[in-house]
Amino acid sequence: MNKTPVTLPLLSDTMQTGRLARWLKQPGDPIKTGDVLAEVESDKAVMEVEAYADGYLAGPLAPTDTYIPVQSTIAWITDVPASESAAAPPPAAAAPATPTPTAAPTPAAAPQTPAATTPPTPAPASPTPAAAPAAVAPPAAADAPSPVVAAALAVGSDDAGASPFARGLATELGIDLTQLTAGADGRIGAAQVLAAALGPQFPHLELGPIHSIERPSPIKAAMAENMARSEHTPTFHVTAAIDLAPLHDAAHAHHESLSLLLARACALSIHEHPDFNACWTPRGLARRERIDVAIAVDTPDGLITPVLRNALRPLDELNEDWRELKGKLQNRRLKPEDYSGATFYLSNLGTFPVVEQFDAIVPLGAASILAVSAAGPDGLTRLTLSCDHRVVAGADAARFLTTLSQHLSAVEALQQ
C-alpha cells in the first residue's frame with residue numbers, strides 16, 4: 001500500500017501555524033488530484049488544501065478547530081480504499097514511520113513505544129508467546145495520536161507545548177511560558193525562552209488582578225509579529241497639511257473610493273520620486289520596477305493590507321481590481337499574492353473625525369507609509385509620511401509630499 005501524506009501548507013511568509021477549519025472529505029472518499037480536502041485559516045485568510053495525488057483519503061485526520069504547525073501531516077492519501085488499507089497492513093508499523101520529520105518531538109508517542117514492546121518480554125513463558133503481544137501492539141499504536149495531532153493539541157494549550165529544557169530555562173530566567181509564541185514546529189523551545197529574556201520584557205501579570213489569556217486571531221498575531229520585526233527600522237516622520245475637500249467632493253460625486261484616489265496619487269508621486277519605491281537590504285537598496293501600493297483595511301479579525309499591483313494604471317482598472325480585492329476580503333478568500341509584496345503603504349483613518357493626526361509604522365520591504373487623518377478645525381488634513389531613514393532623508397520626504405499635494409489638487413487628472 002502506498003501512502004502520500006497530506007500536509008498543512010505554508011500560506012504566507014509569516015505563517016507558523018494554521019487553524020484547521022473543516023474537512024470537506026472523509027476517510028475512504030476517493031480523491032483526485034486537485035480536489036479540495038479541507039479549509040485552513042492562515043494568519044491572513046481562509047485557504048483550501050488541495051490533493052496532490054489520486055487515491056483515497058485515510059486517517060487519522062487532524063482535528064478541526066486546532067492550530068497545527070505548517071508542513072505537518074494532517075491526513076493521508078492511499079492507493080486502496082480505507083477499508084482495505086485498514087484490513088491489510090496494520091497501522092502498528094505505519095504510525096511511527098509516518099510522522100513528518102518537521103513535526104515537533106513526539107512526547108506522547110515516546111512513552112507508548114516502550115509500553116507496547118514491554119508486554120512481549122514476559123510473554124515467552126506462555127505457550128502462545130506471539131499472539132497476545134501482536135494483537136495488542138497495533139491497536140496501541142493506532143490509537144496513539146499522530147505527531148501532528150499531538151503537536152496541535154500541545155500548541156492549543158497554554159504551556160504544554162514547551163520542551164522540558166525550555167520549562168527549566170524559563171523557570172531560571174523568570175519567563176512566563178504562557179506569554180510566549182511557539183516556534184515554527186509548534187512548540188516552545190529554548191530559543192523562544194532566550195529571545196523573551198533578551199528581547200522586550202513582558203508585563204508581570206501576576207502583580208495585577210486575576211487575568212485570563214485570549215489567543216489572538218491569526219491576523220492579529222501576524223500583525224504583531226510584523227510590527228515587532230520593524231522595531232529596528234530607523235524611522236522619521238514628516239507631516240503636511242493639505243486641503244482634501246475638493247478630492248472628497250469629487251469622490252462623493254462620482255461614487256469613488258477616496259482611499260483609491262489617494263493610492264493613485266501616491267503612485268504618481270512615487271513615479272517622480274523612485275527612492276520611495278525602494279527598500280533597504282543588507283546588500284544595498286532594492287529598487288523595484290513596478291509600484292505596488294497596499295491599502296490598510298480594518299477587519300473584525302485585524303488589520304490586513306490588500307495590494308494594488310501597478311498602481312500607475314488608469315483609475316477604471318484600479319477600481320476593478322480594488323472591487324475584486326474587497327470581495328475576496330469580505331469572503332476571507334485573499335491569497336498570499338493579494339496582500340504580500342507591497343512597495344508602498346497607505347493607512348487612511350480619515351473616516352474617524354476625532355483623528356486629526358497620526359503616524360504609522362513602516363512595514364518591512366517598504367521605504368515609507370502614508371498616514372491620512374481626518375480634516376482638522378482649519379479644514380486641512382494632516383498627511384504624515386513615516387520613512388526609513390536608510391532609504392530617504394527628510395528633504396526627500398518634503399519633496400515627495402509637495403508632489404503628492406500637487407497630484408491631490410489636480411482632481412480631474414487623478415480620476416483618469
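The values are calculated or read from the model by the stated rules, or taken from the named source; none is laboratory data. In this text the structure is predicted, and so the values were computed from the model without any measurement. Because the Cβ atoms are built from the backbone with ideal geometry, glycine has one as well, and the counts that use them run over all protein chains shown. Side chains included, ligands, DNA and RNA excluded: accessible areas come from the protein's heavy atoms. Shrake-Rupley method; radii C 1.70, N 1.55, O 1.52, S 1.80 Å.
Here are a few things to note about the model shown:
- Selection of the range 222-275 for residues being β-branched (V, I, T) and part of a helix (DSSP H, G or I) yields only I270.
- Qualifying residue in the range 49-58 (condition: open to solvent by 40 Å² or more (accessible area, probe 1.4 Å) and modelled with pLDDT under 75): no
- Tally, over the range 326-360, of residues that are touching a residue at least 12 places away in the same chain (Cβ under 8 Å), open to solvent by less than 50 Å² (accessible area, probe 1.4 Å) and either farther than 20 Å from E39 by Cα or small (G, A, S) (or both): 12
- Options V392, V372; residue that is under 28 Å from P282 (Cβ atoms) and open to solvent by less than 10 Å² (accessible area, probe 1.4 Å): V392
- Those residues of the range 32-63 which are under 16 Å from the mean Cα position of the chain (by Cα) and touching a residue at least 60 places away in the same chain (Cβ under 8 Å), in sequence order: E41, S42, D43, K44, A45, V46, M47
- Residues located in the range 247-258, provided they are over 16 Å from E317 (Cβ atoms) and either surrounded by 13 or more Cβ atoms within 10 Å (Cβ to Cβ) or polar (S, T, N, Q) (or both): L247, H248, A250, A251, L258
- Among the conditions (1) touching a helix residue (DSSP H, G or I) at 6+ places or on another chain (Cβ under 6 Å); (2) at pLDDT 75 or above; (3) assigned to a loop (DSSP other than H, G, I, E, B); (4) under 29 Å from T64 (Cα atoms), the only one that S212 does not satisfy is (1).
- Every condition in (1) touching a Phe, Trp or Tyr at 6+ places or on another chain (Cβ under 6 Å); (2) under 18 Å from S373 (Cα atoms) holds for I270 except the one numbered (2).
- Residues within the range 286-325 that are closer than 18 Å to V372 by Cβ, at pLDDT 90 or above and open to solvent by 60 Å² or more (accessible area, probe 1.4 Å), tallied: 1
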